Amino acid sequence: MGRMKALVTGGAGFIGSNLVHALVERGDEVRVLDNFSTGNRANLERLDVEVVEGELRSYERVHAATRGVEVVYHLGALGSVPRSVQDPLTSNAVNVEGTLNVLLAARDEGVRRVVFSSSTSVYGTSPHLPTSESTPTDPISPYGVTKLAAERYCISFSRVYHSFEAVVLRYFNVPARRRASTTLRRRSESFSASPSRSASSRRGRETFATRGRTSPPRARSSATSRRSTWRPGSS
Ligand SMILES: NC(=O)c1ccc[n+]([C@@H]2O[C@H](COP(=O)([O-])OP(=O)(O)OC[C@H]3O[C@@H](n4cnc5c(N)ncnc54)[C@H](O)[C@@H]3O)[C@@H](O)[C@H]2O)c1
């Protein structure tokens with residue numbers, strides 16, 4: 001596989017910076033878009049990456065960061081449930097409108113694929129165990145609602161623009177022995193999402209996708225995409 005040009009939003013954060021390390025390690029050319037609100041520059045120290053300080057809520061900033069990339073890994077978000085209860089407007093602006101900006105910029109720049117980081121918060125307190133891709137979504141917190149709305153925008157874009165591929169990942173709680181910058185100094189301990197729910201469950205973490213297809217093995221995450229062509233009259 002050739003050197004891929006990737007944009008990682010939220011690349012200075014916990015999961016994003018681990019992803020950036022993995023992409024750089026496999027030879028990809030990586031750009032990070034982050035406003036460092038919860039992320040940390042130290043997470044990207046000594047890495048050969050282009051860092052764009054910017055705000056997901058600004059289409060212009062997101063568009064500029066998206067130029068020339070083939071894939072966008074969209075992890076930038078306000079991830080706190082309590083924060084979303086206290087200030088749902090801001091969580092919505094960053095998580096929903098920010099995702100829309102990413103999708104629009106990706107469409108405008110002809111990006112091949114957008115990989116969106118969702119959350120099992122979209123299930124609320126589902127009594128269905130084990131949770132599966134067909135488990136009904138019923139988010140409780142505003143955060144969960146923002147993630148579900150953003151998921152739906154991703155799926156909508158992949159339906160409306162048939163050359164556009166959106167991949168939605170729903171993370172369970174992602175632990176690491178050390179988080180953020182400390183984690184990265186000890187990279188052998190760093191996070192990796194698993195393609196296998198049973199395997200990941202054994203390690204106390206789970207990741208799965210909304211539907212079907214597994215992402216490239218090197219990404220070590222399960223993924224799916226929905227692609228269909230928009231037809232007049234369809235919703
Ligand atoms: N950590 C988990 O267990 C978990 C579980 C489910 C889903 N997720 C999702 O995974 C993604 C990454 O989570 P994380 O734990 O690494 O969070 P994190 O807070 O460490 O990383 C989020 C990054 O996004 C950046 N960011 C926030 N608002 C921004 C804005 N307005 N503009 C630009 N950048 C902005 C932050 O500075 C930070 O670097 C998020 O989308 C989160 O919702 C995480």
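The values are calculated or read from the model by the stated rules, or taken from the named source; none is laboratory data. These numbers come from a predicted model, not from an experiment. Cβ: placed from backbone, ideal geometry, glycine included. Neighbour counts: every protein chain shown.
List of remarks:
- Within the range 104-124, residues that are part of a helix (DSSP H, G or I) reach partners that are at pLDDT 95 or above and among the acidic types (Asp, Glu) with beta carbons closer than 8 Å, at six or more positions or on different chains, in the pairs 122/151; 123/138.
- Candidate set from the range 81-93 (those that are within 12 Å of the ligand (Cβ to nearest atom) and of a type in the set (S, T, N, Q)); member that is surrounded by the fewest Cβ atoms within 10 Å (Cβ to Cβ): 90
- Filtering the range 7-43 to residues that are more than 14 Å from residue 71 (Cα to Cα) and in a strand (DSSP E or B) leaves only 34.
- Test set (1) in contact (Cβ under 8 Å) with a residue 12 or more places away in the chain; (2) farther than 15 Å from residue 171 by Cα - residue 134 fails condition number: (1)
- Hits in the range 79-112 (condition: more than 17 Å from the chain's Cα centre (by Cα), farther than 21 Å from residue 6 by Cβ and among the small types (Gly, Ala, Ser)): 84
- Against the criterion of being assigned to a helix (DSSP H, G or I), among the β-branched types (Val, Ile, Thr) and under 23 Å from residue 70 (Cβ atoms), residue 51 does not qualify.
- Restricting 3, 46, 57 to residues that are of a type outside the set (Gly, Ala, Ser), part of a loop (DSSP other than H, G, I, E, B) and without any contact (Cβ under 8 Å) to a residue 12 or more places away in the chain narrows the list to 46.
- Filtered residues of the range 3-18 (kept if in contact with a Gly (Cβ under 7 Å, 6 or more places away or on another chain) and near the ligand (Cβ under 8 Å from one of its atoms)): 9, 10, 12, 13, 16, 17
- Counting the residues of the range 29-49 that are closer than 17 Å to residue 115 by Cα and surrounded by fewer than 21 Cβ atoms within 10 Å (Cβ to Cβ) gives 1.
- Residue count for the range 58-80, restricted to those that are closer than 20 Å to residue 119 by Cα and near the ligand (Cβ under 10 Å from one of its atoms): 8
- Some residue of the range 163-186 being more than 12 Å from the ligand (Cβ to nearest atom), part of a loop (DSSP other than H, G, I, E, B) and either among the aliphatic types (A, V, I, L, M) or at pLDDT 80 or above (or both): yes
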